[in-house]
Amino acid sequence: MARNALKVGIGLFLAAVAAFAALMGVGGGSFAVLLVAWAFVPAPFVYLYVWLWPSERRWPRVAANVYMGASALLTALLLLGVAWIGSERAIHPSACDAPPELSEYPVLEAAVEPVAFHSADGTRLAGWLAAGERDAAVVLLHGYRCDRRELLPHAEMLYDAGFTVLLFDFRNRGESGGEFVSLGYYEREDALAAIGYLKARPGLGGSQIGLLGLSQGGATAILAAAESDDVLAVAAEASFRSVDSAVAQSFSHFIGLPAFPFAPITVWLAEHRTGIGTDDVVPERTVAELSPTPLLVMHGLDDETISPADSEAIFAAAGEPKELWLIPGAEHGEGVTAAPDEYRHRIVAFFDDNL
């Protein structure tokens, strides 16, 4: 009886191995090494055959046992190895494709000067500053894979309206230092350092300061503003409500692996490598601390990377004053291109009214 129970247990274990192997094999289209996993899928069927029709010859039994053992071991190693690569991609993402260039904005290019300052942990951050005519400044916070150039269209519209604009690269992006991207955790300190730089800058120290962020930058804007009395207005586009939500929705998009079974183990590895838990970055929870700082929440209705429901959840959790704009036809972080005239009007009016 116990022997039969053991055989059933081994069979169920090999069935689980085969299921994981099949799931990994599906990812072979985007990550070729995963095609190897298909070789492990027959393991439970080989086991069932050996159990029901045992061979009297020794070598078929040995070959079957070696194959089944190797299937279990190599499936585990493949899962861990590819998840490690996934965690590497998660904290060191590839650069975004074809961002705009400063040369495309000649008026802004003529006004900007390169600047540098340091985050709380000493990380050097590089940026551009264009001093406007007003005693009001907006710090622009880019998204997960990109750098400061992503926000050049936003910087131009604000600079044209007279605002001082500060664009900078978050840690591990563009020309800034830093060991990894942290989905807002350490980027919050980077944003606070940018605010501190403006406050200490001769001629700008008395400026009213606002934050404008896209995607991870939007989440970071909320996190940073909750810790700063110097931020008087926050605009956040395409923000995620939490890291868990971002991972659940966009793991395959950003990492290039199937969400299951890789997302949970990739996140676990990334947490251990960085010392940051997913529960440490929850804009939906933090946003309540902003009030009475005015908040503009924006999200494209065609966003397939982060659902508009995330911004709706952030908006619902925020205190007054607040405003929600769901942008028809806009994909992830693309409100400025989907509705350029209305975007300009809303952004400039928001900071006009609150800075």
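The values are calculated or read from the model by the stated rules, or taken from the named source; none is laboratory data. Keep in mind the model is a prediction, meaning the values are calculated, not measured. Every residue, glycine among them, receives a Cβ derived from its backbone with ideal geometry; neighbour counts consider all protein chains shown. Ligands, DNA and RNA are excluded from the accessible area calculation, which covers all protein heavy atoms including side chains. Shrake-Rupley method; radii C 1.70, N 1.55, O 1.52, S 1.80 Å.
Counting only residues that are open to solvent by less than 40 Å² (accessible area, probe 1.4 Å) and at pLDDT below 85, region 10-23 holds 1 of them. Within region 79-108, residues that are without any contact (Cβ under 8 Å) to a residue 40 or more places away in the chain have Cβ atoms under 7 Å from residues that are not aliphatic (A, V, I, L, M) and not in a loop (DSSP other than H, G, I, E, B) in these pairs: S103/E109, counting only partners at least 6 apart in sequence or on another chain. If you go through region 171-222 and keep only what is crowded, with 24+ Cβ neighbours inside 10 Å and assigned to a helix (DSSP H, G or I), you end up with E187, R188, D190, A191, A194, Q216, G217, G218, A219, T220, A221, I222. Taken together, F251, F240 contain a single residue that is hydrophobic (A, V, I, L, M, F, W, C) and not in a loop (DSSP other than H, G, I, E, B), which is F251.
Considering region 254-268 alone, what residues qualify as being open to solvent by 20 Å² or more (accessible area, probe 1.4 Å) and not small (G, A, S)?
From region 254-268, those open to solvent by 20 Å² or more (accessible area, probe 1.4 Å) are 254, 256, 258-260, 264-265, 267-268; that's our starting set.
Correct list: F254, P258, F260, P264, I265, V267, W268.
Here P283 meets each of (1) open to solvent by less than 30 Å² (accessible area, probe 1.4 Å); (2) under 15 Å from the mean Cα position of the chain (by Cα); (3) modelled with pLDDT under 95 with one exception, condition (3). Looking only at region 111-126, which residues are closer than 20 Å to G162 by Cβ and either under 26 Å from the mean Cα position of the chain (by Cα) or loosely packed, with under 13 Cβ neighbours inside 10 Å (or both)? Listed by number, the residues that qualify are E113, V115. Scanning region 151-170 for residues that are among the charged types (D, E, K, R) and open to solvent by 20 Å² or more (accessible area, probe 1.4 Å), we see that the one that is farthest from the chain's Cα centre (by Cα) is D160.
Filter region 30-41 down to the residues that are open to solvent by 40 Å² or more (accessible area, probe 1.4 Å) and of a type in the set (G, A, S), then identify the one that is modelled with the lowest pLDDT. Break it down into steps so the answer makes sense when it comes.
Kept after step one, since they are open to solvent by 40 Å² or more (accessible area, probe 1.4 Å), are these residues of region 30-41: 30, 32-33, 35-36, 38-39.
Next, only the ones that are of a type in the set (G, A, S) stay: 30, 32, 39.
Numbers: S30: 69, A32: 80, A39: 89.
This residue is S30.
Determine whether E304 is under 16 Å from Y144 (Cα atoms), of a type in the set (D, E, K, R), open to solvent by 20 Å² or more (accessible area, probe 1.4 Å) and not in a helix (DSSP H, G or I). Quick ask: steps written out before the conclusion?
Values: under 16 Å from Y144 (Cα atoms): yes; of a type in the set (D, E, K, R): yes; open to solvent by 20 Å² or more (accessible area, probe 1.4 Å): yes; not in a helix (DSSP H, G or I): yes.
Here the answer is yes, as E304 does meet what is asked.
Taking the criterion of being more than 30 Å from L166 (Cβ to Cβ), in contact with a helix residue (DSSP H, G or I) (Cβ under 6 Å, 6 or more places away or on another chain) and modelled with pLDDT of 85 or more, would at least one residue in region 92-110 satisfy it?
No, region 92-110 has no match at all.
For (1) open to solvent by 20 Å² or more (accessible area, probe 1.4 Å); (2) under 21 Å from the mean Cα position of the chain (by Cα), each residue gets a yes or a no:
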| site | (1), (2) |
| --- | --- |
| E271 | yes, yes |
| G277 | yes, yes |
| L290 | no, no |
| S311 | no, yes |
| F315 | yes, yes |
| E323 | yes, no |
| P328 | yes, no |
| G333 | no, yes |
| F350 | no, no |
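Enumerate the pairs (first residue in region 334-355 and in contact (Cβ under 8 Å) with a residue 24 or more places away in the chain; second residue anywhere and among the basic types (K, R) and in a loop (DSSP other than H, G, I, E, B)) with beta-carbon separation below 8 Å, excluding pairs fewer than 6 apart on the same chain, so at least 6 apart or on different chains. Correct list of pairs: L355/R134.
Out of curiosity, is D121 in contact (Cβ under 8 Å) with a residue 60 or more places away in the chain, of a type in the set (D, E, K, R) and part of a helix (DSSP H, G or I)? If you could, list the steps in order and put the result at the bottom.
Numbers: in contact (Cβ under 8 Å) with a residue 60 or more places away in the chain: yes; of a type in the set (D, E, K, R): yes; part of a helix (DSSP H, G or I): no.
Taking the combined requirement at face value, the residue does not satisfy it.
Residues of region 42-61 being part of a helix (DSSP H, G or I), of a type in the set (F, W, Y) and open to solvent by 100 Å² or more (accessible area, probe 1.4 Å), which ones? Within region 42-61, F45, Y49, W59 meet the criteria. If I go through region 234-253 residue by residue, how many of them are within 23 Å of D169 (Cβ to Cβ) and either modelled with pLDDT of 95 or more or open to solvent by 60 Å² or more (accessible area, probe 1.4 Å) (or both)? Of the residues in region 234-253, 8 are within 23 Å of D169 (Cβ to Cβ) and either modelled with pLDDT of 95 or more or open to solvent by 60 Å² or more (accessible area, probe 1.4 Å) (or both).
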